[in-house]
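The values are calculated or read from the model by the stated rules, or taken from the named source; none is laboratory data. All of these numbers come straight from a predicted model, not from anything done at the bench. Cβ: placed from backbone, ideal geometry, glycine included. Neighbour counts: every protein chain shown. Note: areas computed on protein heavy atoms with side chains; ligands, DNA, RNA excluded. Shrake-Rupley method; radii C 1.70, N 1.55, O 1.52, S 1.80 Å.
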Amino acid sequence: MHHYHQSPSETTNKDSGRGVGMAENLNDEALRREVRAELSRVEEDAIYTSKAHFEAADRWSGVHLWVGMTSALMAALAGASAWKNQPEIASVLALVSGALTAVLTFLNPQSRHGTHQQAGARFVALRNEARLMRQVELLATASAALPDLVTRLKDLSKRYSDANAASPLIPRHAYRSAARGIREGQARHAVDHRPAPPAVTP
């Protein structure tokens, strides 16, 4: 009966193969952690930025409503005063109405509202894409396809930077208000508040 004995070279080759496999697994896990962390950063930045743009849009909408209504009211009162033969009061009210109209034209709050609203929507789309990649696609991506996911992450990061550069500046008060709202849970979905289901035991 012949007994087969592994040669030292065969043993070394097998150990080397196992070592390469373990190294590849470790590299994959490290890469997944880095991709997940970067996606989390993009998602968090997009949450704060989108919320701040929406806060700014709401403020400008309020300015447009308040100044516009006040100007219309002054014009109406000026007309009523003129009708009652009170030209001095009518002149003052007309002057105030004209000044408010000029302020409204100069500030153009309706346009500012629109630009902040559009910017907020862009960052919401980026936030949703980052969350989908982090919570779903990263888990379903095979090791061989990780480089493609990294390429998409780089593209996502670039689109975030481009959107930021093309967006209007966020007022400090809007960012503070957004941060406060996020801390209170306004940016989370209902599913994020639900407790995790209990583990199923065999």
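For residues in the range 53-67 being within 20 Å of the chain's Cα centre (by Cα) and hydrophobic (A, V, I, L, M, F, W, C), which is surrounded by the most Cβ atoms within 10 Å (Cβ to Cβ)? Break it down stepwise before answering.
Filtering the range 53-67 down to residues within 20 Å of the chain's Cα centre (by Cα) leaves 53-60.
Going one step further and asking which of them are hydrophobic (A, V, I, L, M, F, W, C), we end up with 54, 56-57, 60.
Numbers: Phe54: 21, Ala56: 26, Ala57: 23, Trp60: 23.
The qualifying residue surrounded by the most Cβ atoms within 10 Å (Cβ to Cβ) is Ala56.
When Arg159, Arg176 are screened for being open to solvent by 80 Å² or more (accessible area, probe 1.4 Å), in contact with a Leu (Cβ under 9 Å, 6 or more places away or on another chain) and assigned to a helix (DSSP H, G or I), only Arg159 passes. Return yes when Met74 is open to solvent by 60 Å² or more (accessible area, probe 1.4 Å), hydrophobic (A, V, I, L, M, F, W, C) and assigned to a helix (DSSP H, G or I) and no when it is not. So Met74 does not fit the description; no.
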